[in-house]
1. Spot the failing condition for Asp16; the list is (1) under 19 Å from Pro289 (Cα atoms); (2) more than 14 Å from the ligand (Cβ to nearest atom); (3) part of a loop (DSSP other than H, G, I, E, B), and only one is missed.
2. Go over the candidates Asp152, Asp141 one by one and state the one that is within 16 Å of the ligand (Cβ to nearest atom) and among the charged types (D, E, K, R).
3. Of all residues in the range 257-299 being small (Gly, Ala, Ser) and within 21 Å of Val234 (Cα to Cα), which is nearest to the ligand (Cβ to nearest atom)?
4. All but one of (1) within 24 Å of Glu96 (Cβ to Cβ); (2) in contact with an Asp or Glu (Cβ under 8 Å, 6 or more places away or on another chain); (3) more than 12 Å from the ligand (Cβ to nearest atom) hold for Lys51; which doesn't?
5. When you look at Phe130, is it farther than 18 Å from Asp60 by Cα and modelled with pLDDT under 95, yes or no?
6. Quick one: His6 ticks every box in (1) within 18 Å of Val307 (Cα to Cα); (2) in contact with a Ser or Thr (Cβ under 8 Å, 6 or more places away or on another chain); (3) not charged (D, E, K, R) except a single one, so which number is it?
7. Across the range 19-39, what is the number of residues that are surrounded by 19 or more Cβ atoms within 10 Å (Cβ to Cβ) and under 26 Å from Gln292 (Cα atoms)?
Amino acid sequence: MTYTEHYSVLKKECIDFLTENQTSEQSEFFYADLTFGGGGHTFALFEQNEKNKLVCFDQDPDALSNGRERIKNSNAEDRIELVDSNFRHFPTYIRENRQDILDKGGLDGVLMDLGVSSHHFDKGERGFSFREDAPLDMRMDVDNDDIKTAADIVNQYSLTDLVRIFRDYGEEKFSQRIAEKIVETRLQSPIRTTKELENLIFHCYPKKMRHGRINPATKCFQALRIEVNAELDVLTELLDQVLPLLKVGGRVAVISFHSLEDRIAKVKFKAMAKGETPCEIITKKPVLPSDQEILENSRSRSAKLRVLERVESKKSKNKYAHLTNDN
Ligand SMILES: C[S@@+](CC[C@H](N)C(=O)[O-])C[C@H]1O[C@@H](n2cnc3c(N)ncnc32)[C@H](O)[C@@H]1O
């Protein structure tokens, strides 16, 4: 299967925020796209200014092979570097391999467009979606056997841990009932496929709630995906380390797709703004997609963009402060 076309969410808004501080005196600008995916944001930055150079990360083999080909076909090898790694290793990677960027003052911008891409859902055998029957896998880094798959979690985690991840990562109100049914079922035989799990969850829902707008399995599948890929931990780790990598005027932009990720970005940004390295929150309220974008791509409806800038000194006034109150 070829890589599914991925609609890049809030693309124009991201590029505008990340490039707003460019000045004509600079001979090159360095950006990092930590979630390359289909390369939509990367190539928008590539095209925005011929002085832009990018270090990109992805951990998904399909995104990487598709990306390498796209970079080659666009003759972009001298300006786009694509690294096969979890972005939790990005700070170390920069220090060990791209000291040249730090020597020139640091990065002009870092982007994270979190979560999985359309490709993950469309490629049924990856086990992210219950639309097709497939092994319960859900690893983005599918070649990494050190990572527990969704099947490992469903069949090995304690009742308490299953309840916790369904409740905390899925905000699933029938967490207890679903976890108990899983534990009971796996005593007979392990739960191995997406359809088996979907069916089990379906029957844990009260009859009158089984055929709503959202499939009953949606929240637990999200929770498992977050647990498999440690999505909240890696975001937290990265935000804790990103500021020293930015130059003064450099920005970090985070696009999140659910309240758990957005809360981390919001809370971390607030803590960073009070920390030792001077920085300012540029988006007092998260930026949301326009009605037109939601019409074109319904997945974007839950997206939120938050942006923070490293500044010279804490005294500098946030020129956007008058715009909004935080929410
Ligand atoms: C929402 S997609 C990004 C789409 C991209 N911005 C575009 O316009 O095509 C997220 C991508 O980031 C990758 N990803 C998510 N978390 C990651 C992590 N911790 N480390 C490396 N890659 C990650 C996923 O494999 C996926 O390809």
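1. (3) is the only condition that Asp16 fails.
2. Numbers: Asp152 fails: within 16 Å of the ligand (Cβ to nearest atom).
Answer to the check: Asp141.
3. Filtering the range 257-299 for residues small (Gly, Ala, Ser) gives 259, 265, 271, 273, 275, 290, 298.
Retained after the next criterion (residues that are within 21 Å of Val234 (Cα to Cα)): 259, 265, 271, 273, 275.
Numbers: Ser259: 17, Ala265: 14, Ala271: 21, Ala273: 24, Gly275: 23 Å.
Out of the qualifying residues, it is Ala265.
4. Here Lys51 meets the rest and fails (1).
5. Details: farther than 18 Å from Asp60 by Cα: yes; modelled with pLDDT under 95: yes.
It is true that Phe130 is farther than 18 Å from Asp60 by Cα and modelled with pLDDT under 95.
6. Of (1) within 18 Å of Val307 (Cα to Cα); (2) in contact with a Ser or Thr (Cβ under 8 Å, 6 or more places away or on another chain); (3) not charged (D, E, K, R), only one is false for His6: (1).
7. The initial filter retains those residues of the range 19-39 that are surrounded by 19 or more Cβ atoms within 10 Å (Cβ to Cβ), namely 29-39.
Right, trim to under 26 Å from Gln292 (Cα atoms) and you get 33, 35-39.
Going through the range 19-39 one residue at a time, the tally reaches 6.
Conditions (1) outside any helix (DSSP H, G or I); (2) within 30 Å of Glu276 (Cβ to Cβ); (3) over 16 Å from the mean Cα position of the chain (by Cα), marked per residue:
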residue: Arg177; (1), (2), (3): no, no, yes
residue: Phe202; (1), (2), (3): no, no, yes
residue: His211; (1), (2), (3): yes, no, yes
residue: Cys220; (1), (2), (3): no, no, yes
residue: Leu224; (1), (2), (3): no, no, no
residue: Leu239; (1), (2), (3): no, yes, no
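The values are calculated or read from the model by the stated rules, or taken from the named source; none is laboratory data. In this text the structure is predicted, and so the values were computed from the model without any measurement. Please note: Cβ atoms are built from the backbone with ideal geometry, for glycine as well, and neighbour counts cover all protein chains shown.
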